[in-house]
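Rule-based calculations on the coordinates, nothing more; no lab input. Source: prediction; values computed, not measured. We place every Cβ from the backbone using ideal geometry, glycine too, and count neighbours over all the protein chains shown.
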Amino acid sequence: MTSDDMAVSERALAWNELKARVGACQKCDLAHTRTNVVFGQGAVDTPLVFVGEGPGADEDAEGLAFVGKAGQLLTQILNAGGISRGDAFITNVVKCRPPNNRAPTPEEMMYCGDYLEAQLLLLSPKILVCLGNTPTRWILKTTEGITALRGRWFDWRGIAVLPMFHPSYLLRNDSRKKGSPKDQTWQDVQALKERLDQLRKEKRE
Ligand code: URA
Ligand code: URA
């Protein structure tokens, strides 16, 4: 076994341990009301991670991130931009559903944020897309709003961070007019695709 193989298998072990730990978590009250813990899913050997806010009703029922209406819209938007959702890992700041889809509390995010941080360190992606205010504020430690931050590139520990509107927000703001949230998101998806293509090119060279 080469040292590279070793690192890979140790990483897989740490990932499985993290998943088991998150799956059994009782650190906050969301543990009492959840149906399933939503660890996140998708490719683990990937340059691209998406992070949302927290599971909704469909995600809680299925134990998978972004499988409801918002998730379906996200899949469509990515497909339109030539990005396959299955090539990315997708998760949330909090892994258990906040009742009635309220925003996660600072305490819930403090506990669960440690898990997200561990996921990101193990996945070590090149690009992190933050969907909406909650993940953007958590990652960038800012109180700025998504409208000001979307479409701009930031850095989190050497990972390029791109805030985009949350797909639920786009469901509520359906206009495709120039300058609308959907139009802006389309610009962001194209910028994301460009950056991914650039990464692939650099990898081949
Ligand atoms: N909204 C989110 O933020 N995350 C999900 O997984 C689903 C909806
Ligand atoms: N609030 C959010 O959390 N996300 C958006 O995309 C828009 C408003």
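Descriptive notes on the structure:
- For the chain, the calculated P(r), taken from all Cα-Cα distances in 5 Å bins from zero up to the bin holding the longest distance, is 1, 7, 15, 20, 20, 17, 11, 5, 2, 1, 0, 0 percent.
- Look at the dipole of region 25-150 built from charges on Cβ: of THR143, LEU122, VAL49, the Cα furthest out on the positive end belongs to THR143.
- Mean sequence separation of contacting Cα pairs (under 8 Å, at least six apart), scaled by the length of region 47-110, corresponds to a relative contact order of 48 percent.
- Taking Lys and Arg as +1 and Asp and Glu as -1, the other residues whose beta-carbon sits under 12 Å from that of GLN76 total +3.
- Listed residue pairs exceeding 19 Å between alpha carbons, taken from LYS19/LYS69; LYS69/LYS178; LYS126/LYS201: LYS19/LYS69; LYS69/LYS178
- Here the Gaussian network model covers the chain, with springs between Cα atoms less than 10 Å apart; of ARG102, ARG85, ARG34, ARG102 fluctuates the most.
- Normalised contact order of region 47-166, rounded percent, pairs of Cα under 8 Å and 6 or more residues apart: 30 percent
- Space enclosed by the convex hull of the alpha-carbon atoms of region 1-114, per residue, Å³: 111 Å³
- Kirkwood-based shape ratio for region 93-170, expressed as Rg/Rh from alpha carbons: 0.95
- Listed residues ALA65, ALA57, ALA24, most fluctuating in the chain (Gaussian network, C-alpha, under 10 Å): ALA24
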